[in-house]
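Rule-based calculations on the coordinates, nothing more; no lab input. Small disclaimer: the values here were computed from a predicted structure and weren't measured. Note that we place each Cβ from the backbone using ideal geometry, even for glycine, and neighbour counts take in every protein chain shown.
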Amino acid sequence: MIDGRSFVNVACASESQTCNFAGQQDVAYGAEGRYSIRTLSGPASCSNGVFGDPIPGTVKSCSLSTAASAPAQTGTYTVKGGDTLSSIARSHSTTVAKIQQLNNISGSTIHPGQKLKVAGTAQVVVSAPTPAPTVTAPAPAPAPATSTYRVVGGDTLSKISRSYNVSVAQLMSWNNLNSSTIHVGQTLRIQGGATVSPSSPVQVSNPAPAASKAGQVISIARSQLGVPYAWGGTTASGFDCSGYLFYVYNRAGITIPRTNTIGYYASSFTVSSPQPGDLVFFKNTYRPGISHVGIFIGNNSFIHAGGDRVQITNLNDSYWGKHFDSFKRLNAMR
């Protein structure tokens, strides 16, 4: 072995003969004797050989010039004049496509002096990853709407929970209750669930007053909005709370006597599901016990002669809310 190459066994008839050295043994025979020559992997010519009278048993040498020497198996190749990608690929036992891939070229144009990779692994150009699209965090879900419910006679936590499609435990938690005891007029917080307005029947335990009668009551009551408050008044020039009821109901065709709040309280019955036209009683306003009355008109509101005039007030009003007693219906409305 010389420089990684083996000797070959070929017959060179003359010093100009081209010999094929591929796959031969370690000696070459010239015309005049035995010579050792260095092999290449392809055809070569025995030129300038030393031809004379060799001493028997000795080895002489001849120098070889390659007719088409195979390129050394290195990783790069410098392009020479007349080279093409096809010829370079054949001489390096590879393909044009592989050379193009190794050198990141798409065409077949090359120029002398250009260095080409002919072996190895193509450099993979890794593109920077496309940034992931910005994902906007979803807006937080709105907090469940909170409504309120005012307890009326006959209510229980169980009944209210069924009406709002919630549990008794939730009602107790939302309202910081330690027991199931509730009282008429108490305001309860309801979170989410099916909102039921106090004017809608929670559970009808009493028949509603005739729609025509109730409608007349509300219509006449509203017609007196703004009439000034007058102690003991029963006319459109001025009313007190009980005189206002006397005027409105009798004008609507429902005969009731002239009495005070206690008298109307005694001549009515408690309802658990108030309807427009029913009465709303309050206690401990200007005196202990039942002391004020108005007419329920729905939507958690009532109309009454209170303050300085006839007006509409919401049952959640900070003053009237804390003095609420009960909803009742006149016996005359049965």
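How much length is gained on full extension from ARG251 to TYR286, taking 0.36 nm per residue of separation minus their Cα-Cα distance? Intermediate values should be presented prior to the final figure.
Working: separation 35, 0.36 × 35 = 12.60 nm, distance 2.83 nm.
In short, 9.8 nm is gained.
At 7 Å along Cα-to-Cβ for each site, give me the label-to-label distance between ASN316 and ASN178 in nm.
2.8
SER301's amide H: which non-local residues (gap 5+, or another chain) put their own amide H closer than 5 Å, with H modeled 1.01 Å from N in plane and none for Pro or chain starts?
Here the answer is LEU315, since their amide H atoms fall under 5 Å of that of SER301.
Near LYS213, which lysines are there with a Cα under 22 Å away, not counting those fewer than 8 places off in the same chain?
Counting by Cα, and skipping residues close in sequence, LYS213 has these lysines nearby: LYS328.
Can you list the lysines whose alpha carbon sits under 27 Å from that of LYS115, skipping same-chain ones fewer than 8 residues off?
Here the lysines satisfying the reach criterion relative to LYS115 are LYS80, LYS98.
Once each part is reduced to its C-alpha centroid, what is the distance from segment 171-189 to segment 225-251 in angstrom?
36
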